[in-house]
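Below you'll find the structure, written out as structure tokens, and then a few comments.
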Amino acid sequence: MKTSALLVTLAILGAGLGSITLASAMSSKPGNAPSVAGDRYRCFDSDFIRGFQTDGDQKVIITSDQNQAYELTLGGACIGIDTSFMIGVRPRMGSTEICGPFDADILYNDNGGLHPHQECPITNVRHLQGDEAAPYVSTPRGGASSSSSR
């Protein structure tokens, strides 16, 4: 009797640990680990997008509310996105944090074409920094470019 109770307890404990391991493996995306360079802004929140610009039919530059710029590479035929006045970002995995390929789709209107609502998958997310980001982000007032007179 004691042996069967012990076996049942071990089976329940093993099943519990297995489900915890499975849940943690499913909840972590491969892109969530910090990058080698430690870029804390490598992901953006799709709920906090300030603006966008297109670079042809395959790239979109997103500016976040945190004044960060991201280059999104799109898959598929995204014809008409370069003339769209607004876009949306629809997350796929339930999280609004967009870090890498296939985390979200870009939704857009091709301005009166045959298919008024189009979507394209995001196949790559790249955080722009320095000179690459400069055209898309605003610089703080009174920054290094200002000079004072005495």
In the range 65-78, how many residues are more than 26 Å from PRO140 (Cα to Cα) and in a loop (DSSP other than H, G, I, E, B)? 4
Return the residue satisfying two criteria in turn: it lies in the range 41-81 and is among the small types (Gly, Ala, Ser) and at pLDDT below 90, and of such residues it is surrounded by the most Cβ atoms within 10 Å (Cβ to Cβ). GLY80
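The values are calculated or read from the model by the stated rules, or taken from the named source; none is laboratory data. Not measured: the values here are computed from a predicted model. Note that each Cβ is placed from the backbone with ideal geometry, even for glycine, and that neighbours are counted across all protein chains shown.
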